Amino acid sequence: MTNISYDPSKREKLPTGERKIGYLTIGDGQAPVKEPNPPLEARDRKSLLNLLFWLVNTREGNDFLEAHVPPSTGSGTAIRESMRTEFINKFGILNVTLQDALIDGHFAATRWIQANKDMPSASAATAREENERVYQQKMSFVMWWLWEDAMGHDFSMLW
Amino acid sequence: MTMQAHALSVPPFPLAGDLLAACDVHELAPLVDRSTRERILQLVGAFTLPVQTACYECRLGSGDSRVDLALCVFPGLGTSALAQLRRDYDHDPAWRRSLAFLQEWTTSQAFLQVPFVWVAFDLEELQASLPPPCLGLCVDASFFERRLGLSPSTQATTADLLRLAERYFERLHDQTMPEDAVARLERCLDQGVEVKHYSYMLGRQPPTFKVDVRLPVGRVADYLGKVGFPGHPERIQQRIRQFMPWEGHVQLNLVLHPELRGPLEVEFMTLASEVSETHRSGFLAHLVEQQLCDPEKAAVLTRSTRNCRGNLPNGQRYERGWYVKVRFEDDQPVEAKAYVGLLARLSHLL
C-alpha cells in the first residue's frame, strides 16, 4: 500500500504554477506480496536500489539529504563520513567506490543548485558547468552499477 | 565485519588473490594450468588493492602456457593499502611512479577523465615478484553512459585527449612525450573512432605507449590507411573479416611510442552484449582451424560461456567473461590470446 504525503511548507510558486512536494510511504497492503525464497523483504532492505528509493522518494531520505548539505568548497569530510555511516548501517553499502559516487553526486547536485541561484556571474557559470559534469559522471556510474546488477545471473534467479 | 553483517549488503571489491583463488584449477586448465595458477596466486598476494576484475591473459597456442595478469581498479582504493604498497615498492622507480599516479587518481577529480585503470603485469615463467606494471587508463569519460546505451552527454575533444596523454606520459614514463608520438596520437584520435585506453607500459624496454581505439570492423582498412599503419590495410581487413564475418566492432591496440609499428593487435568480442554464442563458437572454430588455438583451450572458453559463475569464500558472486586478441604480422595472424576476466558481482551476497 503506497501513500503520498504532501509537505505544505515545501510548496513553491513556480512561473508555471504551484507545485507541491510529496513523499511516498509504503506499508503492508491487503494482498501481501508472494515471498520468494529467501524472503524478499530482508534481501531488498540492504540494497542500492532501496537506498536510492529512500533518498529520492521518502521524506526521511529527503530530510537526510537536507541535513547533509556540503560546504560551498572543500571536502566536507565530516558530512561525507556521516553519510557513509548511514549508507553502511542502514543499507549495507560497504563498497567505498559506490559510497563515494553517491556522496559526490549529492555534493555536485547541491552545488549546482547554488551556482544556478548565483547566475549570471561568470564564476557561477563555471561552477554550474563543473558540477554538472561531476553529477553526470557519478550518476551514470551509480546507474551502471544497477544495470550491471540487473544483467547478472543473480537477477534472473529472483523471477 | 561478521559474515552475518556481510550477508545482506553491497560488498566491497575483493582482493585479486581472493577472486583468482575462487576459480578452481579444473575450470580453466589447460588455459591456466595448475603450476601457472599457483605461481600467479603467490605473486598477486603482494597486490593488496581491491579489484573489480581480475583477468588472466592466456596464450591460446598449443604448448604455450604463458599467462599474464591484468587487474581492474576503481577509485576508492583505500589509503592504508596504497600507502603500504608504496612502502613495499619504493625502491623501484617505475613502481614508485605507478603508485604515485594511483594515489593521485583515487583522491582527485581525475576520475572524471579516467573512470578506471587496468594494472597489468607481463609475467615470465620464473618471475619471483611482481614486475613494474603496465597501466591501462580508460580515457572514455562516458564509459558508464555508453554501457547504459545512452549517448554521451559530453565528449572529450582531441585537444583534451592529447593533453591527457602528454600529462600522464610525463608522470609515468618520467619524460616528455616526444612530438612525433603526439603527432601520431593526434592522427589516431582524429578519425571519428571511440578512444578507449592509453597504455603506459612501464614494464617493457623501451617504455612503450599504446592507444586502444574501437571502430566498426568494416572501417579497419580505411582507418589504418589514414593513420599511416605500415603494411597492406585492405589485406589486413580481409583477414580480420575471416575471423569476424558478422558486423560489429573491433578494438585496435596501436603502439605509438617508440614508433608506430606492427604487429597489429586486434581485439574481438570485447563487448559481450554485441556477440552471440554462435559468433563465439564460429570464432573459436576458425582459431583452431588456423592452428592459433589448442582445441582443449577452446573447449575451456566454450564452457566458460555456458557456465560462467561462481562464489568467493564469503559468498560474494563472480562471473567469468572472455574476449580474444589476435596479433597480425603484416596480414598473417601469428598469435592469439584470451582475456579471461573474473568479475566481482556488484549485488548483495546471498
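Against the test of being closer than 30 Å to residue B:99 by Cβ, out of contact with any Pro (no Cβ under 6 Å at 6 or more places or on another chain), of a type in the set (A, V, I, L, M) and touching a residue at least 24 places away in the same chain (Cβ under 8 Å), the options B:185, B:215, B:202 yield a single qualifying residue, B:185. Among the candidates A:103, A:93, the residue that is under 23 Å from residue B:52 (Cβ atoms), buried (at least 16 other Cβ atoms within 10 Å of the Cβ) and touching a residue at least 40 places away in the same chain (Cβ under 8 Å) is uniquely A:93.
Please tell me if residue B:251 is surrounded by 15 or more Cβ atoms within 10 Å (Cβ to Cβ), over 20 Å from the mean Cα position of the chain (by Cα) and not in a loop (DSSP other than H, G, I, E, B). Here the answer is no, as residue B:251 does not meet what is asked. Does residue B:166 satisfy the condition of being farther than 25 Å from residue B:327 by Cβ and surrounded by fewer than 20 Cβ atoms within 10 Å (Cβ to Cβ)? For residue B:166, the condition - farther than 25 Å from residue B:327 by Cβ and surrounded by fewer than 20 Cβ atoms within 10 Å (Cβ to Cβ) - is met.
Residues in segment B:116-144 that are part of a loop (DSSP other than H, G, I, E, B) and more than 14 Å from every other protein chain (Cβ to nearest Cβ): B:122, B:123, B:124, B:125, B:126, B:127, B:128, B:129, B:130, B:131, B:132, B:133. For segment B:25-36, the set of residues classified as touching a strand residue (DSSP E or B) at 6+ places or on another chain (Cβ under 8 Å) and not hydroxyl-bearing (Ser, Thr, Tyr) consists of B:27, B:28, B:31, B:32, listed by residue number.
Residues in segment A:95-116 that are under 22 Å from residue B:12 (Cβ atoms) and not hydrophobic (A, V, I, L, M, F, W, C): A:95, A:97, A:99, A:100, A:104, A:105, A:106.
Against the list (1) closer than 25 Å to residue B:343 by Cα; (2) assigned to a loop (DSSP other than H, G, I, E, B); (3) in contact with a strand residue (DSSP E or B) (Cβ under 9 Å, 6 or more places away or on another chain), the condition residue B:149 fails is (3). Check whether at least one residue in segment B:302-321 is assigned to a helix (DSSP H, G or I), surrounded by fewer than 17 Cβ atoms within 10 Å (Cβ to Cβ) and modelled with pLDDT of 95 or more, and report yes or no. Among the residues of segment B:302-321, not one is assigned to a helix (DSSP H, G or I), surrounded by fewer than 17 Cβ atoms within 10 Å (Cβ to Cβ) and modelled with pLDDT of 95 or more, which makes the answer no. Consider residue B:238 carefully, then state whether it is over 20 Å from the mean Cα position of the chain (by Cα) and either within 21 Å of residue B:32 (Cβ to Cβ) or of a type outside the set (A, V, I, L, M, F, W, C) (or both). Yes: the conditions hold for residue B:238. Among residues that are exposed (fewer than 14 other Cβ atoms within 10 Å of the Cβ) and part of a helix (DSSP H, G or I), residue B:273 is included. Taken across segment B:152-161, residues that are within 23 Å of the chain's Cα centre (by Cα), at positive phi, exposed (fewer than 14 other Cβ atoms within 10 Å of the Cβ) and within 14 Å of chain A (Cβ to nearest Cβ) do not occur at all.
Within segment A:113-133, take every residue that is closer than 19 Å to residue B:111 by Cβ and not aliphatic (A, V, I, L, M) and give me the one that is surrounded by the most Cβ atoms within 10 Å (Cβ to Cβ). Among those residues, the one meeting the criterion is A:131. Taking helices (runs of 4 or more DSSP H) as the structural unit, those lying wholly within segment A:71-159 and holding at least 3 residues that are within 14 Å of chain B (Cβ to nearest Cβ), at pLDDT below 90 and within 18 Å of residue B:346 (Cα to Cα) correspond to A:122-151, A:153-157.
Here is a yes/no grid of residues against (1) of a type in the set (Gly, Ala, Ser); (2) under 21 Å from residue B:58 (Cβ atoms); (3) at pLDDT below 95:
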| residue | (1), (2), (3) |
| --- | --- |
| B:238 | no, no, no |
| B:244 | no, yes, no |
| B:260 | no, no, yes |
| B:289 | no, yes, no |
| B:296 | no, yes, no |
| B:323 | no, yes, no |
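Looking at B:123, B:130, B:99, B:135, just one residue is among the aliphatic types (A, V, I, L, M) and without any contact (Cβ under 8 Å) to a residue 60 or more places away in the chain, and that residue is B:99.
The values are calculated or read from the model by the stated rules, or taken from the named source; none is laboratory data. Given the structure is predicted, the values throughout are model-derived calculations rather than measurements. Note: ideal-geometry Cβ built from the backbone for every residue, glycine included; neighbour counts use all protein chains shown.
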